[in-house]
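Structure first, then comments.
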2 protein chains.
Amino acid sequence: MVQKPTLETVAKLAGVSIPTVSQALRGTGRISEETRRKVVSAAQQLHYLTDQKAASMRSGENREVGFVINQLSNPFNAEVISGVVDLLEAEGYLVSILDTRDDANRQRQQLESFIRHGRGGLLWVPTVGTDDTTYSLLRAHRVPTVTFLRNVSPSFDHVGIRNAEATYQATQHLINLGHKTVAYLGGTQMTLVRRDRISGYQKCLSDNSLCRPLVWDSEDTRLEGLNSMNTLLKAHPEISAIVCNGDMVALGACLALQRIGLVPGREVSVVGFDDIQDAEAATPRLTTMAVSPVKLGRKLAQVLLARIREPDMPVTVSEVSAELLIRETTGPSQNAVAS
Amino acid sequence: MVQKPTLETVAKLAGVSIPTVSQALRGTGRISEETRRKVVSAAQQLHYLTDQKAASMRSGENREVGFVINQLSNPFNAEVISGVVDLLEAEGYLVSILDTRDDANRQRQQLESFIRHGRGGLLWVPTVGTDDTTYSLLRAHRVPTVTFLRNVSPSFDHVGIRNAEATYQATQHLINLGHKTVAYLGGTQMTLVRRDRISGYQKCLSDNSLCRPLVWDSEDTRLEGLNSMNTLLKAHPEISAIVCNGDMVALGACLALQRIGLVPGREVSVVGFDDIQDAEAATPRLTTMAVSPVKLGRKLAQVLLARIREPDMPVTVSEVSAELLIRETTGPSQNAVAS
DNA sequence: TTACCTTGATATAACGTTATAGCATATGTC
DNA sequence: GACATATGCTATAACGTTATATCAAGGTAA
């Protein structure tokens, strides 16, 4: 145990050659049952574990993939990761997670490091401000890549959410409840995701002949949601409902309402996005657009596996629909009742 | 660009030998300024990136480390990870994160995979129920290892929190406010961390001649905190204050109180543990035992680096103190005022 | 018998690096 | 001018695997 066990050590102990050991352990080639047993027992005795660095260097195969994500602390992301990891680990892959914290420089560093270490696949939520050289870097090194949520380039497979459809549905729900002044709260930059969500919100307003779209920025945390809602209410006290870019923002917004004595779902209605665990636990329980993070994670894993196995298959784009989950933070407009 | 660039490709383009390229790019050996420039330009032209698998195989050096953690979705952990990653990435390391979700089997799989892939270092929150063979696996393969939070084995370096001291302080704070019936809420199994925290709580009670320790289980999520607090209140309506095993539980407990019309900090006082972002954002703002996750993360990274550089140094144990942050969820006992 | 196939193993080369040693050529010293 | 030393580069081997080719021994068919 003083020396790292290698094929050579095992071979010596079993009294056979190195290739024999390699084949016996992997079940390839023509090895008699008897020597196979000898080899396996020797390997166990020495606690031998294949050195994958050496193996993958020779064989080209590589069961290490990475998930480069924009915000690890977001519980929705954490749940997606669970789904991905479950499926890929079952297939013998090692999934490692990198957090860019939406910093393009950090992301660049991480991806270069990623390529240098020769990972066999990439699941990727591209940072805001990712530039073209990053895409060509990945293409040049032939990294099988699936983008997630942010569909930034037609050369990569993609798995995402039907964002415009979802916010349209959320907005329509509020309008059906009689709300006339519906604002959009959340996001800070014009990512594709946010653009799509806002466009669904706007289209719904105009389809219903309500023509005052109002979009307000906020980081995707409870704290920022609280602060932004405060400023929004000060600037536009007339709004009676909001569609949020994420549950964390929505929960923060509910807190803001409660602090000034308003009840979410009575004076002001709130719709979230994601259906994280806390949405159900909050008081009042949050109405939200639910997407199953585990289902998304599985889909992601499946697409990546397909791409790894068939590098030349045509690029695929998969989008899953969100589902409106009506809980307690949405209710009939007070104005509508009054009029 | 059709072929993966290697030292050979670069050497051919620059018109020099392979070792020359290797040395020129790393700045070792004796290379003239002129050829160095030639080589660097050729490398850039081909988008050459060192294949670390091959490099580390030959040189033995390995700048890949892993952080094997028990619960990725916990925001406190996410913040610790940030601290670790900041420091290690600056030193040229690639940090990848694995989530055991506190499942010993999964953890075993992940660690074996981890070793096979030859990682150069490990930061580790061991799962509940980790058995001895796992420790010896890590020792046998000489993986530089630092345990975090759960100090399970004297053969690894450790970074953790002064848990008993912290809960003692929290409990004393409640007692000073006049509370006589203080319960402990959170955790599900007898991990070392929880044992230490409970012992601090108990010692404080007995030091103050209050002899009714009451410990109640709960998973470390808001939802479970809510449910557990409900059952606790039903079983023991007399309690006037609780010390919690984590902020998530504490926030859930506050929700439970609010649902039945009680105000945290008035009828029942609540102290959390961790000081996650939401502790400040909650209504009312959560009193908690604060440990700086970023500071912990940095410490972790430093200890690991030291261990990697000096594999034979004596084992170190570092513990940081938590600090009582008094906010709004703790207040004078109503009984004390009445009597 | 000769020719051919099957079985069970091994020898050898290769993956892309880096460490070591070696070999010219230029520079300095006495 | 002879010798030592410094400079700049290259040849070679090695890291631990796996892929390919090869080889000996035994079995089968004509």
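The values are calculated or read from the model by the stated rules, or taken from the named source; none is laboratory data. Note that the structure is a prediction, hence the values are computed from the model and not measured. Neighbour counts run over all protein chains shown; Cβ positions are idealised from the backbone, glycine included. In case anyone asks, the SASA skips ligands and DNA or RNA and just uses the protein heavy atoms, side chains included. Shrake-Rupley method; radii C 1.70, N 1.55, O 1.52, S 1.80 Å.
Listed values, structure above:
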quantity	calculated
Cα→Cβ-extended label distance, 7 Å offset, between B:Arg101 and A:Thr283, nm	3.0
Ordering of A:235-245, B:148-158 by burial proxy (mean other Cβ atoms within 10 Å per residue, highest first)	A:235-245, B:148-158
Two-decimal Rg/Rh across the protein assembly as shown, once Rg and the Kirkwood Rh are taken from alpha-carbon atoms	1.01
Long-range tail of P(r) for segment B:175-280 (Cα pairs > 23 Å, %)	19
Distance (nanometres) between label positions extended 7 Å along Cα→Cβ at B:Lys234 and A:Ala90	3.6
Computed E for A:Val317/B:Glu61 - FRET, C-beta separation, R0 30 angstrom, nearest 0.05	0.15
Tally of Lys pairs whose C-alpha atoms are under 30 Å apart, taken over chain B, 8 or more apart or cross-chain	12
Copy-to-copy label separations for B:Pro332, where each label sits 7 Å from Cα toward Cβ, in nm and ascending	4.7
D_trans [Stokes-Einstein, Kirkwood Rh over alpha-carbon pairs] for segment A:137-220, 25 °C, 0.890 mPa s, µm² s⁻¹	171
Partner chain coverage, peptide B:44-53 - average Cβ within 10 angstrom	4
Whole-angstrom gap from segment A:153-212 to segment B:185-233, using each part's C-alpha centre	44
Whole-number accessible area per residue in Å² for segment B:7-50, which is evaluated in the context of all protein chains at 1.4 Å	65
Peptide A:88-96, shielding by other chains (average Cβ, 10 Å cutoff)	4
Heavy atoms of A:Lys299 accessible to a 1.4 Å probe, total area in Å² rounded to 10	70
Residue of chain B nearest the B-to-A rotation axis [by Cβ], rounded angstrom distance	B:Ser96, 1
Cut-off under 5 Å, modelled amide H: who pairs with B:Ile97 long-range	A:Ile97, B:Phe67
Size of the B/A contact, given as accessible area buried on both chains, probe 1.4 Å, in Å²	4900
Rg/Rg_globular for segment B:45-177, with Rg_globular taken as 2.2 N^0.38 Å and Rg from C-alpha atoms	1.26
7 Å along Cα→Cβ, label-point gaps from A:Arg266 to other copies, nm, shortest first	1.6
Carbon and sulfur %, accessible surface of the protein assembly as shown computed with the full protein complex present, 1.4 Å	50
Shortest-first distances to equivalent copies, position A:Pro311, nm, label 7 Å out along Cβ	3.5
Segment A:99-173 - convex hull of alpha carbons, volume per residue in Å³	101
Dimensions (Å) - segment B:7-50, Cα atoms, principal axes, largest first	23, 18, 15
Point-to-point label distance, B:Arg142-B:Gln302, nm (Cα→Cβ direction, 7 Å offset)	2.7
Shielding of B:284-297 by partner chains, average beta-carbon count, 10 Å	0
Surface/4 estimate of mean projected area, convex hull on alpha-carbon atoms of chain B, nm²	21.5
